[in-house]
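Before any comments, here is the structure.
The values are calculated or read from the model by the stated rules, or taken from the named source; none is laboratory data. All of these numbers come straight from a predicted model, not from anything done at the bench. A quick note on method: Cβ atoms are made from the backbone with ideal geometry, for glycine too, and the neighbour counts reach across all protein chains shown.
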Amino acid sequence: MIRMKKWMTGALLVLLAAPLHAQVLRIEITQGVSGALPVAVVPFAWDGAGAQPIDASAVIAANLQRSGRFRLFPEADMVDRPTEAARVNFQTWRAFGVDNLVIGRVRQTSPGNHALQFQLFDVLRGQQLLGYSIPTSATNLRRAAHIASDMIYEQLTGERGAFATRIAFINATRTAEVSSYVLFVADADGENQQVVVRSPEPLMSPAWSPDGRRLAYVSFENRRPEVFVQELATGTRERVSALGEGVNGAPAWSADGRRLALALNEGARVNIYVLDMETRRHTRVTNGSAIDTEPVFSADGRFIYFTSDRGGQPQIYRAAVDGDSRAQRVTFEGNYNARPALSPDGRLLAVVNGNDRRFRIGLYDLETGAFRLLSDGRFDESPSFAPNGRLVIYATEDRGTGVLATVSVDGRVRQRLGLAQGDVREPAWSPYTDATR
Amino acid sequence: MFTIRSFLIVALSAAVLAGCQTRPAVDEDEAARREAERAAAMQAEADRQRAEAERIREQEAMRADPLNDPTSILAQRIVYFDFDRSEVKPEFMAVVQAHAQYLSRNPNARVTLEGHTDERGSREYNVALGNRRAQAVRRMLMFHGVADRQVETVSYGEEKPAARGQNEDAWARNRRVEILYAR
């Protein structure tokens, strides 16, 4: 009954590695923390021919600022701009109330090769906390700046940073004449956007493979929903699921990348299946007459959390992947809980929580059962955890236009990202990987 | 057996090649070519006339086809639903039944039932809900004698709204199944 076709496509819809400079995500901080750490990032020196490729210190400063954990000392107020340790006068910085200081330089080591050097100082103790030189190319300098940001963030907060990761999202532009759907991948700060796939028909539900090399997504390009898996580096893609008619959607990877959970229909009923990526065989996980969709694997791969309206209205349930034990309901707050996302450690479950008037991102602690609302929009959806588990990115609306926002899991820090044109939606935060670029 | 046939083919080819070498045979070929061209031209004209007649016949049939009558109940091609529901409401029964009747009387007619939802709720859930709406209309068509092969369904969930706006009026117009006839 379930037919599968493997096919490779040409360049018709696939445009890879095409940076779009025209569309830039603008980032606004909507809410920050009062007890933020005061830090100064002094503009880096440039040792090389011509203009420096990017302003690495500005990238680092913006990353730290956006995390909501730091208060950045304004560059305009800097009376002293040291670029090497011997020139740092800790007295001056102490007088300005700066606790931590970042200095550095970008060196062109040979044509095309660079090194990003930086040092982090504890101003009060007058001690160096970090000192690194990151070898890189001109084109990867931005990534080096994100890696440096991660190191500084981890040193000062004790938590792993997620600046050197990526986000996938859908951008939709619809006018009376044309509609255009684009699946983008961008740096976590919204820069360096690349088109993964473009189509005049809807694109949905991007999902990162655990190695960060592939994206699964739903495309309606053949006037019906089909699930594709596309390799980011090459643009090569494959259709992995296309039942004759109806629902083929909601792809979600297992932690080992060997299985893809999907929602497939038989008539009006939609159930969860698991597709073995090697044997290409589907195994049924749920067997209800209602709608079961939006699956996510538990961290150990033994369970699947999913949305089901078997009880009358959508709620999150949990079912064992192997075995036919009854699914257990896990959400009880409000009359609507859907689109679950699991934190990387498997302890938190983010959902769309709501009623018929208002939908917000909610967070369940799976150990204690405690529930907390994280967002305060009217139509918030598609939560996705940062790989460090500290932030949740989600889709919300600003004056009728779809924008992306992040919120820390403690609900204290919010920021908003928005494209200049069209609706932005369905963000998916990449896992930690070296291969996301 | 096989070798004999091969031999014959070779022998015949040789004979044809030999024939081509004489002059009168070339003139004969030329005459045959002209004759073939004339026949082809006549055939093309006959085809053209047949296509024209077919076109006129289709046009007349179209005029008589109740699908093209804007006053017919068949001109109603959209069935609307309540929030998070997929039952066909009583006020749309007559519309669906009329399409069922038309489809069973015209076994070559085909429809795609496109299910849609409003923007509220999660996107994949809405794809499943739009599918359930399309399936509800499909079931009614089948019940009234429409053949399985005449009906296709697809759900776009909330991805293709008919109306913009975040109010009940727009949402009500987006919760729908469109009955689309294949041309």
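Filter region A:65-80 for residues that are part of a strand (DSSP E or B) and either in the same structural domain as A:Asp410 (by TED's automatic domain parsing) or not hydrophobic (A, V, I, L, M, F, W, C) (or both) and give the result.
A:Arg71
Would you tally the residues in region B:141-183 being away from every other protein chain (no Cβ under 13 Å) and basic (Lys, Arg)?
Residues that pass the stated criteria total 3.
Which is within 20 Å of A:Arg378 (Cα to Cα), without any contact (Cβ under 8 Å) to a residue 60 or more places away in the chain and within 7 Å of another protein chain (Cβ to nearest Cβ), of B:Arg132, B:Arg120?
B:Arg120
Identify, by number, the condition in (1) within 28 Å of A:Asn271 (Cβ to Cβ); (2) without any contact (Cβ under 8 Å) to a residue 24 or more places away in the chain that A:Val351 doesn't meet.
Failing condition for A:Val351: (2).
Does region A:385-404 hold any residues that are away from every other protein chain (no Cβ under 14 Å) and among the hydrophobic types (A, V, I, L, M, F, W, C), and which are they?
Result: A:Phe385, A:Ala386, A:Leu391, A:Val392, A:Ile393, A:Val403, A:Leu404.
Suppose the filter is over 21 Å from A:Val247 (Cα atoms) and in contact (Cβ under 8 Å) with a residue 12 or more places away in the chain; does A:Ala176 pass it?
So A:Ala176 does not fit the description; no.
Out of curiosity, is A:Ser382 small (Gly, Ala, Ser), closer than 28 Å to A:Arg258 by Cβ and within 11 Å of chain B (Cβ to nearest Cβ)?
In short, yes.
From the set of residues in region B:56-97 that are surrounded by 13 or more Cβ atoms within 10 Å (Cβ to Cβ) and polar (S, T, N, Q), which is nearest to the other protein chains (Cβ to nearest Cβ)?
B:Ser86
Among the candidates A:Arg310, A:Arg339, A:Arg326, which residue alone is within 14 Å of chain B (Cβ to nearest Cβ), of a type in the set (Lys, Arg) and in a loop (DSSP other than H, G, I, E, B)?
A:Arg310
Of everything in region B:121-145 that's crowded, with 24+ Cβ neighbours inside 10 Å and in a loop (DSSP other than H, G, I, E, B), which residue is modelled with the highest pLDDT?
Applying the filter and picking the extreme gives B:Ser122.
Within region A:168-178, does at least one residue satisfy the condition of being under 29 Å from A:Ala255 (Cβ atoms) and not in a strand (DSSP E or B)?
no
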